[in-house]
2 protein chains.
Amino acid sequence: MFQAAELGRWLSKTDFEAELPSLRANLLQGQLSLMREAQQAVLVIIEGLDGSGRAELLNRLYAWLDPRGLKTHTFWDPSDEEQERPFFWRFWRSLPQKGSIAIHLGGWYRDLLTDAIHAKISDVELELALEKRRKLEEMLALEGITILKFWLYLPEKVQRERLSQEDDTPDDRWGNAGAKRALKSRPAFLNIAEQVMRLTDSAVAPWYLVEATDANYRDVTVGKTIANALLNAQQSHLRWMKEAENDFTRGGGAPNLPDSPTARRSLLDSVDLTLTTSKADYKKSFEQLRKELSALAWRAWRAKKTTLIVFEGWDAAGKGGAIRRLASALDARLYRAVSYGAPTEQEQGYPYLWRFWHELPRAGRVMMFDRSWYGRVLVERVEGFADHAVWSRAYHEINNFESELVESGVILIKFWLHISPDMQLQRFKERESTPYKQHKITDEDWRNREKWSAYEAAVNDMVFRTGTEVAPWTLISAEDKYTARLQVLSKVVERLKQALGD
Amino acid sequence: MFQAAELGRWLSKTDFEAELPSLRANLLQGQLSLMREAQQAVLVIIEGLDGSGRAELLNRLYAWLDPRGLKTHTFWDPSDEEQERPFFWRFWRSLPQKGSIAIHLGGWYRDLLTDAIHAKISDVELELALEKRRKLEEMLALEGITILKFWLYLPEKVQRERLSQEDDTPDDRWGNAGAKRALKSRPAFLNIAEQVMRLTDSAVAPWYLVEATDANYRDVTVGKTIANALLNAQQSHLRWMKEAENDFTRGGGAPNLPDSPTARRSLLDSVDLTLTTSKADYKKSFEQLRKELSALAWRAWRAKKTTLIVFEGWDAAGKGGAIRRLASALDARLYRAVSYGAPTEQEQGYPYLWRFWHELPRAGRVMMFDRSWYGRVLVERVEGFADHAVWSRAYHEINNFESELVESGVILIKFWLHISPDMQLQRFKERESTPYKQHKITDEDWRNREKWSAYEAAVNDMVFRTGTEVAPWTLISAEDKYTARLQVLSKVVERLKQALGD
């Protein structure tokens, strides 16, 4: 998930200054209409890594907004008064009244994160506590509070630099000792943070993951997202109340990115498509990996460890070829490869996940999926076969399904095979002109190609929202087929070794 | 909660035979349209106490429905095949296809109940596992499966009798030893069952608590509820998909009761309004209780135990009087009494629970609420101040709020003061003719009175759906004021003693 905030997004001084006038106008106008209507309140929760500049951001927001309609609450150690009441009392006391905005630094997530890092609460307790917060936010949203949650993220290197600098802001209450602690607990913190975001992200209280390396990018992104929410608060309130009051399963939002191209890099942009592998190198490495995999697969079988490998990717990205190469390393008694197209009539008679549940192999087997349950958030989304409400709830459903698999001991590996539009064109033409490949290219492939950018958005959302700690995505550089196949094979070998305790 | 299934509801042979023709016609017609449309499937989950006649009910359903569109699944010990897959695999395998009905005996609740009773899982694990099931059911519902869950209940005495009889049905796989075990674990089982029903009851997969003492009543109630769902399956499917797809917070349902008056007794009907107390007895007991309470309140203060006492009841049922008598036992520094009418303009600026959170006292105090957060599911529901979607989600919200209070150590006591319509009329007239009482009676009181039966339904729903293990309702017989006051006082004394470990 955090890969999505390691893209190097930034905003030059010129771009920043170009964004500013309309951003400030929108923020003020939005705030004004919020106050005038007084039907909706806005709650902004700011969380993130130490050093990510939460206090700096806050100061910017105060400069941009009208401070009269704005209150900030920091929840440090509870007072006597607060300790004598139920935990959530201090937060209820700090809710924004209709027409106003409240900013909670940390809010009802902070203590939980701290407790989880120090293992004061168990995994189940954490999950349950998060569920409580999700329900609370749902209720508050239905009662007229628009909730926005921002998570400020820094790559490790940047965080280290930041924390080594002298700093007197409230972000740095604990000085150098605090900085060291923050860096040491960073992996655990991020691990828990991911869970927090995944389990409490909802349409009415979305989490926005914000890359905080560049302050201008960070602040404009947050500012634009708030402005957008302010301008729509009234309207979305009405939408909720009247049309689809409790449509919580609409997925959470992507932040409103600034217009500059440096700010609009996506996850797919981070795949290096220039990699190549020579035929000789390929042959050597492939043979080596094939042997390793073959042995590992038998060990997994003895250990009753099931492996599911999902292949998604652009048309002509080489899914079939990768699957065949992988299969060549496996004993035919151990694996099965299944291909999923449009559901059959019988399959349509069941919930969409049924056909995948149905095919789950017995213990110890390897199963390869040529396309999978992700159809719902890719082709069904883009082609309009599924309504917005349907495909957007699928992210949560898929995450739950995959957790179920992983908890039962399954090794789940997911690949997205990435190529450029040019390479796709080249391969399509090759298919058309090669007799034994002609069956692989249809009018539909050409039609899909026209929707490249819609698919690109869908893939980015998918990778971001279903790339979880337990079931991460591996993006494969598939412009060169040899490179792609080796990347796939070595990832499978790596994951099997890991799972078998090597 | 289970009080609602101890009402002695039954159906005479004549009434049963009168219901049968239309019930069977509806079941078959509903099943036929389900098959014909093939857009929706129906999943019936049957749970309940041993001896409640689950197998007997099942046989009736097979006699009434067309068995060709019906499949029953019993989940005993998992097979080898099943053990090698994730837990839910066996249930996915047993889902009904569109156009058909599946009956799950126990289903995904049974193992959980068993594990919880034997303390194989902790409370948090149970809660989380229930949350998982709730989400699964939500998804299945959105994917076209109408889910009905029945819980068959027997009073203890009846269960004991039933289990002592020789019986060869599959209900009784374990013979006499099983019967003994079932009776021994009954309290634990019911405790967990309540949690199961509370946490997994939703609009799309409601639990129906069915009194199973009388077989005719039991089977007709279940049959009517299934018939109703079958006849509406198509329509409600469309409603969900089109209008308010994910409107899950609409509360679960009350079962469709047979028409006979013996089958329509409600919780309020179970309050004995004939009780009276002589003035002399009242004085003596009152003095005794007053002293006890006074001492207990100081002890609670020292123990930092906060007590919240909620008074709800009919107009003129004597809430004010009861609060004054209770207050007379308490040191003025220790208690506060607050009265809640329509929310002020400021209060309307926040979520509806805000004004109650806001007033929560410091540790060790007693607070009495003359009306409370239950306004939302009483006056706001009946008078239409809150939409259906709004008041029906309030049951869950209130349960969550009260859990939060109780978990933080609060002693929460809830009273409904019950009187007959005749007594209300008598007291209204008395108020009108007594100068110092005239301020207590308004036109609104007379208007409310006209909606007695709508309020009665709302009160029954409220008591049933928010009468939880941690925050039970006490129904007070308030026809006689002395009786009412003594009942209130002794309940408060009892609860404080309990909480202070006496």
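Brief remarks follow.
- Segment A:416-488 and segment B:404-465: distance between their alpha carbon centers, rounded to Å: 67
- Calculated FRET efficiency for the pair B:Ser420/B:Gln165, C-beta based, R₀ 35 Å, to 0.05: 0.30
- Taken along the Cα-to-beta-carbon direction at a fixed 7 Å, the label points for B:Leu28 and A:Gln348 span 3.1 nm.
- Cα-projected label distance for B:Asn400 with B:Glu383, points at 7 Å along beta-carbon direction, nm: 2.6
- Cα-Cα over 21 Å, subset of A:Lys132/A:Lys414; B:Lys437/B:Lys481; B:Lys414/B:Lys497: A:Lys132/A:Lys414
- For the protein assembly as shown, the spherically averaged projection of the C-alpha convex hull amounts to 46.3 nm².
- Projecting 7 Å from Cα along the Cα-to-Cβ direction, the label point of B:Ala38 sits 5.9 nm from its equivalents in the other copies, listed shortest first.
- Of the peptides B:416-429, B:392-405, the ranking by mean beta-carbon count within 10 Å, highest at the top, reads B:392-405, B:416-429.
- Once both labels are positioned 7 Å from their Cα atoms along Cα-to-Cβ, the gap between B:Gln3 and B:Asp115 label points is 3.3 nm.
- At an R0 of 41 angstrom, the distance between the Cβ atoms of A:Glu444 and A:Arg93 translates into a FRET efficiency of 0.10.
- From helices alone, the protein assembly as shown scores -16000 deg cm²/dmol at 222 nm; the rule is -39500 (n - 2.57) for each run of n ≥ 4 DSSP H residues, then divide by the residue total.
- Debye intensity ratio I(q)/I(0), log10, chain A, q values 0.09, 0.14 Å⁻¹ (C-alpha model): -0.71, -1.50
- Net lengthening on full extension, B:Thr276/B:Lys135 (0.36 nm per residue, minus Cα-Cα): 45.8 nm
- Of A:Gln234, A:Val158, A:Ala116, farthest towards positive along the dipole that unit charges on Lys, Arg, Asp, Glu beta carbons give segment A:2-265: A:Gln234
- Stretchable slack from B:Lys284 to B:Arg333, in nm (0.36 nm times residue separation minus alpha-carbon distance): 15.0 nm
- Among A:His388, B:Gln498, B:Ile419 - extreme Cα towards positive end, dipole of the protein assembly as shown, charges at beta-carbon: B:Gln498
- Calculated FRET value between B:Glu432 and B:Gln498, using beta carbons and R₀ = 60 Å, to 0.05: 0.90
- Descending semi-axes in Å of segment B:2-265, equivalent ellipsoid built from Cα gyration tensor: 26, 25, 18
- As a rough footprinting exposure proxy, the listed residues A:Ser453, B:Ser266, B:Ser33 were ranked by other beta carbons within 10 Å of their own, and the order from fewest upward is A:Ser453, B:Ser33, B:Ser266.
- Residue exposure proxy: A:Glu312, B:Glu345, ordered by other Cβ atoms within 10 angstrom of their Cβ from fewest to most, comes out as B:Glu345, A:Glu312.
- Viscosity 1.002 mPa s, temperature 20 °C, Stokes-Einstein D of segment A:427-502 from Kirkwood C-alpha radius, µm²/s: 139
- Label geometry 7 Å along the beta-carbon vector: A:Ala119 inter-copy distances in nm: 2.4
- Whole-Å distance, taken between Cα centres, linking segment B:54-77 and segment A:60-124: 52
- Computed about the Cα centre, the dipole magnitude for the protein assembly as shown is approximately 1180 debye when only Lys and Arg (+1) and Asp and Glu (-1) carry charge, each at its Cβ.
- Between copies, B:Ser164 shows label-point distances of 8.2 nm, shortest first, with the point placed 7 angstrom from Cα along Cα to C-beta.
- Among B:Arg465, A:Arg302, B:Arg449, sorting on how many other beta-carbon atoms sit within 10 Å of each Cβ, with the fewest leading, yields A:Arg302, B:Arg449, B:Arg465.
Read-outs throughout are calculated quantities, based only on the coordinates presented, and are distinct from any laboratory measurement. On a predicted model such as this, the values are computed, not experimentally measured, just so you know. Virtual Cβ from ideal backbone geometry, glycine too; neighbours counted across all protein chains shown.
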